[in-house]
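Structure incoming, see below.
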Amino acid sequence: MKAARILRFGPPNVITNDDVPRPQPTAGQLLVRVKAAGVGNWDALIREGKIALQPLPIILGSELSGIVEAIGAQVSGFKPGDEVYGATNEQFSGAYAEYALASARMISHKPKSLNFVEAASAPIVSITAWQMLFEYAQVTAGQTVLILGAAGNVGAYAVQLASQAGLHVVASAGFADLDYVQSLGAEKVVDYKREQTDVSLTGLDVVLDMVGGDAQQRSLQLLKPGGILVSVVSPVPETTQKRYGIRAAYFYVDVTTSRLNRITELFDSGKLVTNVGTVLPLEEARIAHEMLGGAPHNRGKIVLRIAD
């Protein structure tokens with residue numbers, strides 16, 4: 001089978017397109033005939049060797065959609081021919097290939113309202129937003145949330161979910177994305193370059209951080225005492241939390257069948273929409289990673305189309 005993998009760590013040009021043996025599922029696994037694979041920043045971190053989850057060589061990619069080809073032992077709820085989506089494994093690898101092994105606990109049936117490319121764009125980023133809001137911030141209707149990086153792939157889902165949960169949504173984005181973010185449900189959208197710290201935003205209940213750095217630091221003073229910042233970029237030191245009288249959480253996403261099932265219901269009821277930006281064939285995985293590094297591409301998720 002064809003696969004995009006790395007034999008050494010480094011820039012996008014270390015990605016090679018190789019013929020490798022088709023894997024066989026073991027206990028708890030599904031073999032998925034991959035239709036599409038999402039491309040995310042975590043893929044770049046693995047390629048660069050900044051996240052050491054497994055030894056080389058590594059087939060990159062974790063988000064996928066496709067058709068169940070075979071089932072390992074101790075797997076229930078799936079059968080060959082099922083259309084599925086989700087993540088591959090805890091090592092975030094294996095999806096940039098014609099066939100991929102996936103942990104059954106990280107897979108769900110594909111939303112009927114989405115095609116394979118749209119479905120592959122969603123699992124990790126949508127569940128990241130879900131966990132930030134409902135599991136870590138534990139938001140309640142009527143609270144006010146500031147979403148940093150609201151036009152990004154996680155941020156766009158966070159805006160939609162927060163708005164539907166009855167929160168007052170303030171979002172930070174670039175000038176070109178202001179109308180887009182407002183269309184997702186934000187009540188107020190701040191141009192992060194012009195309004196780096198808007199004092200009128202003080203007393204926030206929650207900040208969702210997809211940016212880190214100075215933006216994260218500035219947002220701390222906007223939280224009310226006891227408020228919480230949830231980040232997927234970097235942790236806030238305990239000493240800093242105490243100084244501002246706030247709480248903070250930092251986590252890695254945990255894609256599970258039960259969480260995916262909730263997301264599926266939202267897609268199929270029309271409450272969530274995807275935003276696929278650029279679609280490339282598998283053999284152009286290098287170009288996809290150049291886009292992750294800043295090369296021009298459309299707003300929205302980068303997806304590799306593996307098969308028609």
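The values are calculated or read from the model by the stated rules, or taken from the named source; none is laboratory data. From a predicted model like this one, the values you see are computed outputs, not experimental measurements. Cβ: placed from backbone, ideal geometry, glycine included. Neighbour counts: every protein chain shown. Side chains included, ligands, DNA and RNA excluded: accessible areas come from the protein's heavy atoms. Shrake-Rupley method; radii C 1.70, N 1.55, O 1.52, S 1.80 Å.
Within the range 70-103, find all residues whose amide N lies under 17 Å from a label point positioned 7 Å from the Cα of Lys112 along Cα-to-beta-carbon.
Only 82-85 fall inside the zone, counting backbone N under 17 Å.
Would you compute the Debye intensity of the chain from its alpha-carbon atoms alone, equal scatterers and no solvent, and pass along log10 I(q)/I(0) at q = 0.09, 0.10, 0.14 Å⁻¹ to two decimals?
-0.45, -0.55, -1.03
What FRET efficiency would be calculated for the residue pair Ala176, Lys271, taking the C-beta separation as r and a Förster radius of 22 Å, to the nearest 0.05?
With a Förster radius of 22 Å, E is 0.25.
Follow-up question, since we're still on this one. Treating the beta-carbon of each Lys and Arg as +1 and of each Asp and Glu as -1, no other charges, what is the dipole magnitude of the chain about its Cα centre, to the nearest 20 debye?
320 debye
Then there is this: How would you order 31-42, 248-259 from highest to lowest mean count of nearby Cβ atoms within 10 Å?
31-42, 248-259
Something else: I need the Kirkwood Rh of the range 247-290: take the reciprocal of the average 1/r across all distinct C-alpha pairs and report it in angstrom.
13.9 Å
If packing is taken as the average count of other Cβ atoms within 10 Å, what order do 150-162, 209-221, 85-97 fall into, highest mean first?
Final packing ranking: 150-162, 85-97, 209-221.
Report, in deg cm²/dmol and to the nearest 500, the calculated mean residue ellipticity at 222 nm for the chain, where each DSSP H run with n ≥ 4 adds -39500 (n - 2.57) and the sum is divided by the residue count.
After summing the helix terms and dividing by residue count, I get -6500 deg cm²/dmol.
Any idea what angle helix 153-164 forms with the longest principal axis of the chain, computed on alpha-carbon atoms, 0 to 90 degrees, nearest 10?
Rounded to the nearest ten degrees, it is 60.
Let me ask something additional. From the phi angles alone, apply the Karplus equation (6.51, -1.76, 1.60; θ = phi - 60°) to the range 94-109 and give each ³J(HN,Hα) in whole Hz, x where the residue is Gly or Pro.
x, 7, 7, 7, 5, 9, 9, 8, 9, 5, 4, 6, 10, 10, 9, 5
Still on this model: List every residue whose amide H lies under 5 Å from the amide H of Val190, counting only residues 5 or more places away in sequence or on a different chain, with H placed 1.01 Å from N in the peptide plane.
Ala171, Ser172, Ala173
Filter Lys35/Lys79; Lys188/Lys271; Lys112/Lys301; Lys2/Lys35; Lys224/Lys301 down to the pairs with a C-alpha to C-alpha distance above 23 Å, please.
Where the Cα-Cα span goes over 23 Å, the pairs concerned are Lys224/Lys301.
Residues with amide H under 5 Å of Asp82's amide H, sequence separation 5 or more or different chain, H placed in the peptide plane at 1.01 Å from N; which?
Excluding prolines and chain starts, which carry no amide H, the hits are Val68.
Considering amide H positions built from the backbone, and no H for Pro or chain starts, which residues 5 or more places from Tyr250, or on another chain, come under 5 Å of its amide H?
Amide H neighbours of Tyr250, under 5 Å, 5+ apart: Ser231.
Label points 7 Å out from Cα along the Cβ direction at Gln221 and Thr202: separation in nm?
Inter-label distance under the simple model: 1.0 nm.
Normalised by the residues of the chain, what does the relative contact order come to in percent, with Cα pairs under 8 Å and at least six apart?
Across the chain, relative contact order equals 19 percent.
Taking 0.36 nm per residue of separation and subtracting the Cα-Cα distance, what length does fully extending Thr26 through Phe9 add?
3.3 nm
Rank these residues by their accessible area, most exposed first, probe 1.4 Å: Glu83, Glu187.
Accessible-area ranking of Glu83, Glu187, largest first: Glu187, Glu83.
Through the Karplus equation 6.51 cos²θ - 1.76 cosθ + 1.60, θ set to phi - 60°, convert the phi angles of the range 174-183 into ³J(HN,Hα) values in whole Hz; use x for Gly and Pro.
Per residue, the Karplus-derived 3J(HN,Hα) values read x, 4, 5, 9, 4, 5, 4, 5, 5, 5 Hz.
Here's another thing I want to ask about it. Give the aspartates and glutamates whose C-alpha is closer than 18 Å to that of Lys193, dropping any in the same chain fewer than 8 places away, or say none.
Cross-link targets: Asp177, Asp179, Asp209, Asp214.
Can you give the Rg to Rh ratio of the range 64-214, both from alpha-carbon atoms, with Rh computed by the Kirkwood formula?
Ratio of gyration radius to Kirkwood radius: 1.07.
Describe numerically, in nm with one decimal, the distance between label points set 7 Å from Cα along Cα→Cβ at Ala52 and at Asp18.
Placing both labels 7 Å along Cα→Cβ, they lie 2.0 nm apart.
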